[in-house]
Amino acid sequence: MRNTRALAAAGAAVAVLGVAAPAAVADGGRVPNPSNIVALPSVIARGGQLTITVDGCPNGGHATSNAFERTNLTPVSGGNDAGRGGNDTARGTATIHQDARPGSYDITVHCSGRSLTRPAAFTVIGGVRGGIGGSSATGATPTDMAIGGSLVAAAVVGSGVFWMRRRAEKRI
């Protein structure tokens, strides 16, 4: 009698595992669905490089935006997903257009025939005009030249007066 119960319990366990195994295999063959689009840095200057990371994109794909050209996403190797040999993450690097207008931009990701858009994924700021102080766009105005010339003339006159007084003190 005990053997019959043990055999029945073992048969039930095999039946449950037999039904669950195809479900587990079917889950491994699921259609990837892109999710969690991350753009770093979130605030970037024109001409800068933006790293885009997407979960749920194991075979790679591409990302698009009005601020950069179509960028390929490649699968990230390694990861913690035991049994799959990697993970579902893909990554790519995009270069922001030099003429991109400052403001927020969306990113649309296409992976395995599916797409996902993240609104306001990153913000473009105006570029820095290095080397000329960052504020001058047209050069010196006539007013700027007049002020600068007056300061130089005042310095020359002041130096001359100072020099003449020092020279007079030496004679006494």
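The values are calculated or read from the model by the stated rules, or taken from the named source; none is laboratory data. All of these numbers come straight from a predicted model, not from anything done at the bench. Using ideal geometry, Cβ is built from the backbone for each residue, glycine included, and neighbour counts are taken over all protein chains shown.
Quick check: anything in region 133-147 closer than 20 Å to Gly48 by Cβ, surrounded by fewer than 12 Cβ atoms within 10 Å (Cβ to Cβ), modelled with pLDDT under 95 and not hydroxyl-bearing (Ser, Thr, Tyr)? There is at least one residue in region 133-147 that is closer than 20 Å to Gly48 by Cβ, surrounded by fewer than 12 Cβ atoms within 10 Å (Cβ to Cβ), modelled with pLDDT under 95 and not hydroxyl-bearing (Ser, Thr, Tyr). With respect to being at pLDDT below 90 and either under 15 Å from Asn33 (Cα atoms) or not aromatic (Phe, Trp, Tyr) (or both), Ser104 falls outside the description. Per the listing Thr74, Thr89, Thr95, the residue uniquely under 14 Å from the mean Cα position of the chain (by Cα), modelled with pLDDT of 85 or more and assigned to a strand (DSSP E or B) is Thr95.
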